[in-house]
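We did not get these values from a lab; they are worked out from the coordinates using the rules stated. No experiment lies behind these values; they were computed from the predicted model shown. Please note: Cβ atoms are built from the backbone with ideal geometry, for glycine as well, and neighbour counts cover all protein chains shown.
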Amino acid sequence: MRTNVTLPGPLLARVDSVAGPRGRSRYVAEAVAQRVRRDELGAAIRETAGAMVGKPGWMGPDDVISWVEGLRSEDTE
C-alpha cells in the first residue's frame, strides 16, 4: 500500500547509503516490521509479567541464580 512518510534529510541519506535509492521502500518496510514485532513482544511481556509467580515450576531470582550456577558447575565431558 502506498503511503507518504517524512524523514529528516540526514536520516534519509543514511538509509540511501545502506539500502540504495531504489531499495528505500523495502528497507523502511523491514525496519518498521522489525520495530512492530519488538513493540508487540514488549507488550506481551508486560502483560504476562508475574503470571507464573507462586505456580509450580516458578523460580525466584535466587533460585534462578542457583540453577544457573549448578549448570555451570556440571562436568561437561
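In order along the range 52-65, phi translates into HN-Hα couplings of 9, 3, x, 9, x, x, 6, 10, x, x, 5, 5, 5, 4 Hz, rounded to whole numbers, per the Karplus curve 6.51 cos²θ - 1.76 cosθ + 1.60 with θ = phi - 60° and x for Gly and Pro. Please label the shape of the chain as rounded, prolate or oblate, based on the square roots a ≥ b ≥ c of the eigenvalues of the alpha-carbon gyration tensor (a/c under 1.5 means rounded; beyond that, a/b larger than b/c means prolate, else oblate). Judged from the Cα gyration tensor, the chain comes out prolate (a/c at least 1.5, a/b above b/c). Distance between the modelled labels on VAL5 and SER73, one decimal in nanometres: 5.1 nm (7 Å Cα→Cβ projection). Between GLU40 and TYR27, the modelled labels are 2.5 nm apart [label points 7 Å from Cα along Cα→Cβ]. Sorting VAL36, VAL15 by the number of Cβ atoms found within 10 Å of their own Cβ, with the fewest placed first, yields VAL36, VAL15. Shown in residue order for the range 37-43 are the 3J(HN,Hα) couplings computed by the Karplus curve 6.51 cos²θ - 1.76 cosθ + 1.60 at θ = phi - 60°: 4, 4, 5, 5, 5, x, 5 Hz (x for Gly and Pro).
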